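Asks: Below: one structure in structure tokens.
The values are calculated or read from the model by the stated rules, or taken from the named source; none is laboratory data. In this text the structure is predicted, and so the values were computed from the model without any measurement. Ideal geometry is used to build each Cβ from the backbone, glycine not excepted, and the neighbour counts take in all protein chains shown. To get the accessible areas, we keep the full protein, side chains included, count just its heavy atoms, and leave off ligands, DNA and RNA. Shrake-Rupley method; radii C 1.70, N 1.55, O 1.52, S 1.80 Å.
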Amino acid sequence: MPINYCIQCTLPLNFCVCAHAPRVLTPKACSILFHPREVQRRNSSGRLLRVCTDVQTNIWHRLKNEQLESKFQHYGLIYPNPDNTTPIVDTPNFKGYLWIDSTWQESQKMLRQSPWLQNLPKISIDNVNSDYRLRRNQREGGMSTLESMAQWLKIQNQPEQAEELLQFFQLFQNAFLKARQAGLLK
């Protein structure tokens, strides 16, 4: 018998968490730039953000750099950069904020192949202990896209919405791990 999956959270329907998704409205324009492979991954936390926030999404392609550069002009990139980081409180002129959703290796490739992306002002959010349990080889001090957005929301004086996101993330991870244990996910 074929297994049906939710088109939003990508979990098997009997594990779907979408009914528990909070509705989080971001205080400023927020966008996620997906690596093409990330869109297909069931454990993408950026993909999960599309379920419960008003973020805009785009898929990165190295041949569409001009279009993306124009679209994200005057945005700040939420990305670790300890050497040259703009404090988040000093960024009132940004039109919006951009997150990259990918593996760490893929995000570094995206930066190398997209000078416009590399040149965006980088805003690093103080690391908190990540609770992302769905991937191996996590970078020391790294957070998932959803966790970094939750931390950004706290900085934007929206701690309740940040906590709702993190609780939903835990619910998703628990359901994902149960579905994986049941042999329904890789």
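Asks: To the nearest 10 degrees, how steep is helix 104-113 against the longest Cα principal axis of the chain, on a 0 to 90 scale?
Replies: Result, in degrees: 40.
Asks: Looking at the chain only, what percent of DSSP beta bridges run antiparallel? Nearest 5 please.
Replies: Bridges in the chain that DSSP calls antiparallel: roughly 5 percent.
Asks: Does the stretch 1-60 come out rounded, prolate or oblate by the C-alpha gyration tensor, with a ≥ b ≥ c the root eigenvalues, rounded set by a/c under 1.5 and, if not, prolate when a/b is larger than b/c and oblate if not?
Replies: Oblate, because a/c is 1.5 or more while a/b does not exceed b/c.
Asks: While we're on this one: Based only on Cα atoms, what Rg/Rh ratio does the chain have, Rh being taken as Kirkwood's radius?
Replies: We get a ratio of 0.96 for the chain.
Asks: Report, to the nearest whole %, how much of the accessible area of the chain belongs to carbon and sulfur atoms, 1.4 Å probe, protein only.
Replies: It is 46 percent, rounded to a whole number.
Asks: First check a/c for the stretch 101-178, with a ≥ b ≥ c the square roots of the eigenvalues of its C-alpha gyration tensor; if it is under 1.5, answer rounded, and if not, answer prolate when a/b is larger than b/c or oblate otherwise.
Replies: oblate
Asks: What whole-number value in Å² describes the accessible area per residue of the chain for a 1.4 Å probe?
Replies: In whole numbers, the chain has 55 Å² accessible per residue.
Asks: Further question on the same structure: Amide H neighbours of L185 under 5 Å, counting only residues 5+ apart in sequence or on other chains, H built in-plane at 1.01 Å?
Replies: R180
Asks: Amide H neighbours of I59 under 5 Å, at least 5 residues apart or on other chains, H built in the peptide plane: list them.
Replies: Counting only residues 5 or more places away or on other chains, the set is F34.
Asks: Then there's this: Looking at the chain as a GNM with Cα springs under 10 Å, which of R37, R50, R135 has the largest mean-square fluctuation?
Replies: Result for the chain, Cα springs under 10 Å: R135 fluctuates most.
Asks: Still on this structure, please answer the following. Once the Cβ-Cβ distance between C6 and N93 is put in as r, and R0 is 45 Å, what FRET efficiency do you end up with, to the nearest 0.05?
Replies: 0.70
Asks: Taking the Cα centre of the chain as origin, sum charge times position over the Cβ atoms of Lys and Arg (+1) and Asp and Glu (-1), and report the length of that vector in debye to the nearest 20.
Replies: 760 debye
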